[in-house]
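The values are calculated or read from the model by the stated rules, or taken from the named source; none is laboratory data. Keep in mind that what you see is a predicted model, and the values were worked out from it rather than measured. When we count neighbours, we look across all protein chains shown, and the Cβ atoms used for this are built from the backbone with ideal geometry, even at glycine. Remember, those area values only see protein heavy atoms, side chains included, never the ligands or the DNA or RNA. Shrake-Rupley method; radii C 1.70, N 1.55, O 1.52, S 1.80 Å.
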Amino acid sequence: MAMKSKVLIVGGTGYLGKRLVKASLAQGHETYVLHREEIGVDIEKVQMLLSFKQQGAHLVIGSFNDHQSLVKVVKLVDVVICAISGVHIRSHQILLQLKLVDAIKEAGNVKRFLPSEFGTDPARMENAMEPGRVTFDDKMVVRRAIEEAGIPFTYISANCFAGYFLGGLCQPGFILPSREQVRFLGDGNQKAIYVDEDDIATYSIKTIVDPRTLNKTVYIRPPQNILSQREVVQIWEKLIGKELLKSSISEQEFLAIMKEQDYAEQVGLTHYYHVCYEGCLANFEIGDGAEEASKLYPEVKYTTVEEYMTRYL
């Protein structure tokens, strides 16, 4: 019988957060969802919170602007998972987590903290380009604060969210696959790693009571999902029974177009550049002091790229 925890999810109504709530409940943990008192008339958020409550979650009120409210909530749980947005096209809130770190430090009872990571491992991105490196720099600021405070942690590196990358055939600015054409970034042969967002949540929750993942980075690298853009396109072509018209954009062209975009777009495009032109997600071996989720949890039947893409048919 797996151990059960009391889990607080911060950012539980977000794109990944709602999946973490669902996965935590599914794995039998007592699940708490933080929300602000002042939701205003955001009816969709309220209805999502109420649906969590109907599924057995506890709704708790707290605010990043009220330190004591955070301490009070943190004292209710063993595990804190933060899923606030670090995506500039939505909202970039990574450094807000420093307030959560302060609350966890003061409360003194948290056995595991999973900060808002879930993407590229920022510790490997010290040479990242401006302006996209801000995402990695901010995540490293949060990591340093966690480690200096002696808070037990797990960092989840989940690589590419399938909805963003597979939906657009790895082309920035697209989230539905074309049946006509595709543009390769460079030669389209750099490998990346695509993970169904529900699987990211399932694996993340698995780590919280696992002594093997304590104070480590856990990479999510489902072996069948380590593919190049070209391979993703081939899977899509097989599914639709048709070849797409192909073109490509060179590194120089990509960088020139990037420089013409606004700041938030440039941040996102920098990340695509590192993933699709440099292959930053798959060009290293996982070393000592880190773990790989699909090896740790072979019982999780992950969604393959091909299975994921059938939803677009």
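Here are a few things to note about the model shown:
- Spatial separation of Cα centroids for segment 122-198 and segment 13-55, in angstrom: 24 Å
- For K45, the lysines whose Cα comes closer than 16 Å to its Cα, not counting residues fewer than 8 places off in the same chain, are K18, K22, K53.
- Gyration tensor verdict on segment 1-97 (Cα atoms; rounded if a/c is under 1.5, prolate if a/b is larger than b/c, oblate otherwise): rounded
- Here K111 is the anchor, and the aspartates and glutamates within straight C-alpha reach of less than 13 Å, apart from those fewer than 8 places off in the same chain, are D78, D210.
- Cα gyration tensor category, rounded, prolate or oblate, for segment 84-179 with a/c compared to 1.5: prolate
- Under 14 Å from K301, Cα to Cα: aspartates and glutamates that are on another chain or at least 8 residues apart: D196, E197, D198, D199
- Paramagnetic label reach from K216 (point 7 Å along Cα→Cβ; backbone nitrogen cut-off under 16 Å): within segment 145-182, residues 152-158.
- Once the 1.4 Å probe is applied to the protein heavy atoms, segment 139-236 comes out at 36 Å² accessible per residue.
- Helix-only mean residue ellipticity at 222 nm for the chain, each DSSP H run of n ≥ 4 adding -39500 (n - 2.57), per residue, nearest 500: -10500 deg cm²/dmol
- The Cα atoms of segment 15-169 define a convex hull whose projected area, averaged across directions, is 10.1 nm².
- Under the shape rule built on the C-alpha gyration tensor, where the axes satisfy a ≥ b ≥ c, segment 149-207 is prolate, since a/c reaches at least 1.5 and a/b is greater than b/c.
- Linear extension gain, I286 paired with I175, 0.36 nm per residue minus alpha-carbon span: 37.0 nm
- Alpha carbon Rg of segment 150-275, scaled by the compact-globule rule 2.2 N^0.38 Å: 1.22
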